[in-house]
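The values are calculated or read from the model by the stated rules, or taken from the named source; none is laboratory data. Just so we're clear, the structure is a prediction, and the values are computed from it rather than from any experiment. Neighbour counts run over all protein chains shown; Cβ positions are idealised from the backbone, glycine included. Just the protein is used for accessible areas: all its heavy atoms, side chains included, with ligands, DNA and RNA removed. Shrake-Rupley method; radii C 1.70, N 1.55, O 1.52, S 1.80 Å.
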Amino acid sequence: MRRMDIAWLPTQADDVKVRLPGTDRAREPARTLAMAQGAAGRVGITRVADLTWLDTIGIPTYQAIRPTARTLAVSQGKGITAELAKLSAMMEAIELWHAEQPRPPALTAPPREVAGELSYDLGELPQATPSLLHEGLPMEWVAATSLADGKPTLLPKELVTVTMDRGPGWHPPVFAVSSNGLASGNTLVEAVLHALYEVIERDAVSLALRGRGKGVNADPASLGSPVVDRLCELLAKAGVRLEVRQMPSATELPCFLAEITCDEYPMNFRGFGCHLSSEIALTRAVTEAAQARLAYISGARDDLHADAYASMGERRKRPVSPEPAEPIARVTAKASLLDDLRDVVGRATAAFGHAPLFTDLTRDDLGVPVARVVAPGCRLAPEEF
């Protein structure tokens, strides 16, 4: 795999890394919190709530509330510490606000008129079912950049912005619209890296859920991670069962699916995680499963499945998997976020047959780096995301 040269990408403090419990960042949490609090009022965050003790598990989970949101009014965040969970919720709300904002297109034209400016095949992007995509369909386009070499290209605006406020006129179904690949960070490199991790994670999950690459039953205790061991201890004390599967990824990055359930709250909750570090990837999956459970306990999210509560009276315990739990190899990330990004971009380019693309959504007046990453050739299961 050839080394990617991303010297063209603006970097600030990305030649170092702050190692935190369950995550890597470019800055200490206190500095990130100051940045997020500075933007909170502008993006409409009116309240940040600690949900942790609505449940018996004790994995820190927060919500950030935006009553005037054009998408989700409630964003959730999780982490190993309360500070990291609070930051996670606020940063998710902030990045969603950026994606919701009206964005003038670079141009409006059918695909056949911009084919020379595209560095990829439109058919490799996730499409709606059914999709009316064809060469003569007028579409709005926004500027994008290849993560492999910094060359400019175009992306359909529909895959960059996220909003429920579509306005008047005809909006034909073309692409599978989601927030996949949207991320914020202390720096643009950090935002792009975490957005790319999400795209790779969801590609692996989509294959697993469709029965193509379910992976293996994995033993979290085999990792020898104090952070993961602590999460498992909290779940066990609460009487919550945990099953972990390590899913194959075309990028060969560690990708995990964590599923939790218990007798007192008979629903299955999933969480996913992907990272260069197997410890961070697994931590994300387990904490996300706990976060999903708290979403239904609190009942405040806009995107809860309507029939979920109706099935609460049914026992939905899964049979214990007959396959033995395999040990998890301990894999670590690089020394800097910039090195991490070079590695992950190279893996994604080789795996998907095309370099990932990104659009910088950062607003200078807010000062929070936000990126949207789209990877032609990757899979996305719309029923899950």
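Numerical summary
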quantity: Structure-based [θ]222 nm, the chain - -39500 (n - 2.57) summed over DSSP H runs of at least 4, per residue, nearest 500; calculated: -9500 deg cm²/dmol
quantity: Where a label projected 7 Å from the Cα of D339 along Cα→Cβ would reach, residues of segment 186-200 with amide N under 18 Å; calculated: 189-190, 193-194
quantity: Cross-link reach list, aspartates and glutamates versus K334, counting only Cα pairs under 12 Å and skipping chain neighbours closer than eight places; calculated: D14, D15, D24, D343
quantity: DSSP H segments from the chain that extend 15 Å or more along their own axis, Cα-based, with Kyte-Doolittle mean of 1.0 or above; calculated: 188-209
quantity: Label point distance in nm, R230-T108, each placed 7 Å from Cα along Cα→Cβ; calculated: 5.3 nm
quantity: Centre separation in Å (Cα based) which lies between segment 210-260 and segment 63-120; calculated: 28 Å
quantity: Ranked packing of 63-76, 105-118, most packed first, by mean Cβ within 10 Å; calculated: 63-76, 105-118
quantity: Residue-normalised accessible area of the chain, given per residue in Å² at a 1.4 Å probe; calculated: 43 Å²
quantity: Straight-distance crosslink candidates among lysines, where the alpha carbon sits under 24 Å from K214 and sequence neighbours closer than 8 are dropped; calculated: K317
quantity: Per-residue SASA entry for D302, accessible area with 1.4 Å probe, Å² rounded to 10; calculated: 80 Å²
quantity: Rounded, prolate or oblate (a/c below 1.5 giving rounded, otherwise prolate when a/b exceeds b/c) for segment 123-250 by Cα gyration tensor; calculated: prolate
quantity: Solvent-accessible area of S119 with every protein chain in place, 1.4 Å probe, in Å² to the nearest 10; calculated: 60 Å²
quantity: Sites A34 and T129 - FRET efficiency at Förster radius 35 Å, r taken between beta-carbons, to 0.05; calculated: 0.20
quantity: Heavy-atom accessible area ranking, 1.4 Å probe, most first, across S178, S298; calculated: S298, S178
quantity: Residue list for segment 42-59, given a label point 7 angstrom along the Cα-to-Cβ vector of A82 and an amide N cut-off under 20 Å; calculated: 46-59
